[in-house]
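Before any comments, here is the structure.
The values are calculated or read from the model by the stated rules, or taken from the named source; none is laboratory data. Owing to the predicted nature of the structure, the values given are computational and were not obtained by experimental measurement. Here Cβ is always computed from backbone atoms with ideal geometry, including for glycine, and neighbour counts include all displayed protein chains. Just the protein is used for accessible areas: all its heavy atoms, side chains included, with ligands, DNA and RNA removed. Shrake-Rupley method; radii C 1.70, N 1.55, O 1.52, S 1.80 Å.
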Amino acid sequence: MTESKKMLGEERRAYILSLLKENNRPYTGSELSKLTNVSRQIIVGDITLLKAKNEPILATSQGYLYLQESKPSLYERIIACNHPPEKTEEELNILVDNGVTVKDVKIEHPVYGDLTASILVSNRKEVKQFMKKIKHTNAAYLSELTSGIHLHTITAPSIDTLIEAEEALRKAHFLIKEET
């Protein structure tokens, strides 16, 4: 949208939805607010309304992303990790350096049950952006609520890639050891 006219409700949501569907990249709330000439808070409300209509929009650390139906087949695994907050960047870099995408982080909260947050990082640049956003917003890591214990869903194009990434984390002492 190049004109400086404010877009209204349904038209704006249709525009946002088409942007997200047609471009296979995340858009930040700030980008969408500039494109539609409304506040970022209005965009947050629009995304909430679109999600309520079952649109598969994912809020990631890089922005909003429309989940496309036809994705290439990936292998997926859930891994259990434990480390202090200051080791987060190292952990994520080990994973992406070994060719995996870190989809999310999940903890088991004593009151709320399972809490999951999307991460979606697959290279060092995205890890750096994620870490910058955490520092800039002064947000806490979910794992801080569980003394460092958390799960990650990781994906890769092959089982071998998942195994190699898991082994690299094991060597770096990030994985929770299974009791024998």
Has segment 57-65 got any residue that is of a type outside the set (Lys, Arg), open to solvent by 40 Å² or more (accessible area, probe 1.4 Å) and in a strand (DSSP E or B)? yes
Looking only at segment 163-180, which residues are aliphatic (A, V, I, L, M), modelled with pLDDT of 95 or more and open to solvent by 40 Å² or more (accessible area, probe 1.4 Å)? Ile163
Answer residue from segment 1-38, given it is over 17 Å from Leu50 (Cβ atoms), modelled with pLDDT of 90 or more and polar (S, T, N, Q) and is surrounded by the fewest Cβ atoms within 10 Å (Cβ to Cβ) among those: Ser30
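For (1) closer than 19 Å to Ile176 by Cα; (2) hydroxyl-bearing (Ser, Thr, Tyr); (3) open to solvent by less than 50 Å² (accessible area, probe 1.4 Å), each residue gets a yes or a no:
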site: Glu89; (1), (2), (3): yes, no, no
site: Ile107; (1), (2), (3): yes, no, yes
site: Pro110; (1), (2), (3): no, no, no
site: Ile134; (1), (2), (3): no, no, yes
site: Ile149; (1), (2), (3): yes, no, no
site: Ile154; (1), (2), (3): yes, no, yes
site: Pro157; (1), (2), (3): no, no, no
site: Thr161; (1), (2), (3): no, yes, yes
Limited to segment 76-93, what total is found for residues that are without any contact (Cβ under 8 Å) to a residue 60 or more places away in the chain and hydrophobic (A, V, I, L, M, F, W, C)? 1
Unmet criterion (only one of (1) charged (D, E, K, R); (2) at pLDDT below 95; (3) outside any loop (DSSP other than H, G, I, E, B)) for Glu91: (2)
Of all residues in segment 105-129 being of a type outside the set (Asp, Glu) and part of a helix (DSSP H, G or I), the one that is farthest from Gly63 (Cα to Cα): Arg124
Matching entry among Arg40, Arg12 (being in contact with a helix residue (DSSP H, G or I) (Cβ under 8 Å, 6 or more places away or on another chain) and farther than 26 Å from Thr137 by Cα): Arg12
Please work out if Val96 is free of Cβ contacts under 8 Å to residues at least 40 places away in the same chain, open to solvent by less than 80 Å² (accessible area, probe 1.4 Å), aliphatic (A, V, I, L, M) and at negative phi. yes
Residues of segment 112-121 that turn out to be open to solvent by less than 40 Å² (accessible area, probe 1.4 Å) and under 11 Å from Leu151 (Cα atoms), as a count: 1
Filter result (in contact with a strand residue (DSSP E or B) (Cβ under 9 Å, 6 or more places away or on another chain) and open to solvent by 80 Å² or more (accessible area, probe 1.4 Å)) within segment 66-87: Leu74, Tyr75, Glu76, Ile78
For segment 43-56 the number of residues that are open to solvent by 60 Å² or more (accessible area, probe 1.4 Å) and either hydroxyl-bearing (Ser, Thr, Tyr) or touching a helix residue (DSSP H, G or I) at 6+ places or on another chain (Cβ under 6 Å) (or both) is 1
